[in-house]
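The values are calculated or read from the model by the stated rules, or taken from the named source; none is laboratory data. Predicted model, so just to flag it, every value in this text is computed and none were measured. Neighbour counts run over all protein chains shown; Cβ positions are idealised from the backbone, glycine included.
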Amino acid sequence: AKSSGRNHFQFYVASVDREIRERKQLEKDLNEALARNQLHLVYQPQVNLETRQTIGAEALLRWHHPKRGLIPPDQFIPLAELNGSIVAIGQWVLDQACWQAACWASAGLDIRMAVNLSAVQLRQDTIVDDILETLARHNLSPGRLELEVTETSFMSNLEDAVGKLHRLHDAGISLAVDDFGTGYSSLTYLKRMPVQHLKIDKQFVQDLLVNDDDTRIANTIIDLGRSLSMTVIAEGVESAEQEAYLRQRGCALGQGYYFSRPVPADEFAAFVAGFNAQ
Ligand code: C2E
Ligand code: CA
Ligand code: CA
Ligand code: CA
């Protein structure tokens, strides 16, 4: 029993060791991903549930690792936030998304581009100027950009976040609270932030109509949005039943596989042309 215990311990140490090495390697690869053109964006439609028009796109990051294939953002963005590379990566995302939105605008596509902004990015002193400069460089109207921020962005330095979000809002950029209800939600924060959109996280939408608690949480967010004059977007809509429920309950916008998966830019444009023409 003793020796098998030691074997287990050695196995454990070896596997932790391997995990640390893999993580270090991934981190190193991530630092080179930008320069090596391994990152790209896909776009997911945001649909008006009443009219079925696509009014927006959320830009979502993808990493094609040369050896490991496609790595989902949940696996590398936390790492990029820890080592700070999210600042450069986030700027690249913003640049690429604004360029794409400007292309669509000049092709007559009336689409607002939603970009995820990490809490780490929002903490940078130059972030507001960087965003305004990016819009100007692409000649993109600020009204075409939406920034999705999470509640954790408000927590570390509330005054700083309030000030920056007000500057962005005053410039004409719209703001959405992402993953609403999953983090540390405070109505005090919400009241002080110039946000126009609340996003219901997909975890509450997934079991809508199956799980009473999730249904109540979704209802509460929809009602809260209405009473604060915010537009509510449901994320992760996968079925006709979920779509119908959300629409009847007064949720304005939806996003999810039921409408479309996140797709490359050309597919997105084709989707909008097909759907909005109907
Ligand atoms: P998020 O911002 O909450 O994005 C929604 C996620 O739900 C996306 O996952 C999207 O592909 C997925 N999704 C959309 N519709 C459905 C559906 O009907 N069913 C299911 N099961 N999932 C659906 P994705 O693309 O893997 O991104 C994961 C997270 O990574 C994002 O969550 C966001 O927090 C982060 N992320 C992605 N791109 C960026 C980026 O450019 N910058 C930053 N800072 N974070 C990003
Ligand atoms: Ca988002
Ligand atoms: Ca998220
Ligand atoms: Ca989410």
Checking the conditions here, which among Asp207, Asp130 is touching a helix residue (DSSP H, G or I) at 6+ places or on another chain (Cβ under 7 Å), surrounded by fewer than 19 Cβ atoms within 10 Å (Cβ to Cβ), more than 28 Å from Ala88 (Cα to Cα) and not aliphatic (A, V, I, L, M)? Asp207
Surrounded by 11 or more Cβ atoms within 10 Å (Cβ to Cβ) and within 16 Å of ligand 3 (Cβ to nearest atom): which single residue out of Ala33, Ala59 fits that description? Ala59
Residues being more than 17 Å from the chain's Cα centre (by Cα) and within 16 Å of Thr231 (Cβ to Cβ) - total across the stretch 179-200: 3
Taking Arg68 and the conditions (1) within 19 Å of Leu145 (Cα to Cα); (2) surrounded by fewer than 20 Cβ atoms within 10 Å (Cβ to Cβ), which numbered condition does it fall short on, given that it satisfies the others? (1)
What's the total number of residues in the stretch 150-189 that are closer than 28 Å to Gln242 by Cβ, modelled with pLDDT of 85 or more and away from ligand 3 (no atom under 16 Å from the Cβ)? 1
Looking only at the stretch 179-192, count every residue that is of a type outside the set (Gly, Ala, Ser), within 16 Å of ligand 2 (Cβ to nearest atom) and either farther than 15 Å from Gln255 by Cα or in a loop (DSSP other than H, G, I, E, B) (or both) and tell me the total. 1
For Leu147, indicate whether it is surrounded by 14 or more Cβ atoms within 10 Å (Cβ to Cβ), at pLDDT 95 or above and touching a helix residue (DSSP H, G or I) at 6+ places or on another chain (Cβ under 6 Å). no
Residue list for the stretch 40-93, filter: among the small types (Gly, Ala, Ser) and more than 15 Å from Arg112 (Cβ to Cβ): Gly69, Ala80, Gly84, Ser85, Ala88, Gly90
For the structure I just gave you, tell me whether Ala161 is among the aliphatic types (A, V, I, L, M) and crowded, with 16+ Cβ neighbours inside 10 Å. yes
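Would you confirm whether any residue within the stretch 251-259 is in contact with a Leu (Cβ under 9 Å, 6 or more places away or on another chain), in a loop (DSSP other than H, G, I, E, B), small (Gly, Ala, Ser) and away from ligand 2 (no atom under 16 Å from the Cβ)? Walk me through it before giving the result.
Residues of the stretch 251-259 in contact with a Leu (Cβ under 9 Å, 6 or more places away or on another chain): 251-254.
Still in the running and in a loop (DSSP other than H, G, I, E, B): 251-252.
If we keep only those that are small (Gly, Ala, Ser) as well, we get 252.
Remaining after also requiring away from ligand 2 (no atom under 16 Å from the Cβ): 252.
Yes: one or more hits.
Can you find, within the stretch 197-235, the residue that is farthest from ligand 3 (Cβ to nearest atom) among those that are of a type outside the set (A, V, I, L, M) and within 20 Å of Leu147 (Cβ to Cβ)?
If we filter the stretch 197-235 for residues that are of a type outside the set (A, V, I, L, M), which is where we start, we get 197, 199, 201-204, 206-207, 211-216, 219-220, 223, 225-227, 229, 231, 235.
Remaining after also requiring within 20 Å of Leu147 (Cβ to Cβ): 197, 199, 201-202, 225, 229, 231, 235.
Values: His197: 14, Lys199: 9, Asp201: 8, Lys202: 9, Gly225: 18, Ser229: 24, Thr231: 19, Glu235: 9 Å.
In this case the residue turns out to be Ser229.
Listed here are the residues, each with its yes/no results for (1) surrounded by fewer than 16 Cβ atoms within 10 Å (Cβ to Cβ); (2) part of a loop (DSSP other than H, G, I, E, B); (3) more than 16 Å from ligand 4 (Cβ to nearest atom); (4) over 16 Å from the mean Cα position of the chain (by Cα).
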residue	(1), (2), (3), (4)
Val177	no, no, no, no
Asp213	yes, no, yes, yes
Ile217	no, no, no, yes
Thr220	yes, no, yes, yes
Ser229	yes, yes, yes, yes
Gln242	no, no, no, yes
Arg261	yes, yes, no, no
Ala269	no, no, yes, yes
Read through the list (1) within 16 Å of ligand 2 (Cβ to nearest atom); (2) touching a His at 6+ places or on another chain (Cβ under 9 Å), then give the number of the only condition that Lys202 fails. (2)
Pick out, from the stretch 37-155, the strands (runs of 3 or more DSSP E) lying fully within it that include 1 or more residues that are of a type outside the set (Phe, Trp, Tyr), free of Cβ contacts under 8 Å to residues at least 24 places away in the same chain and over 23 Å from Thr182 (Cβ atoms). 69-71
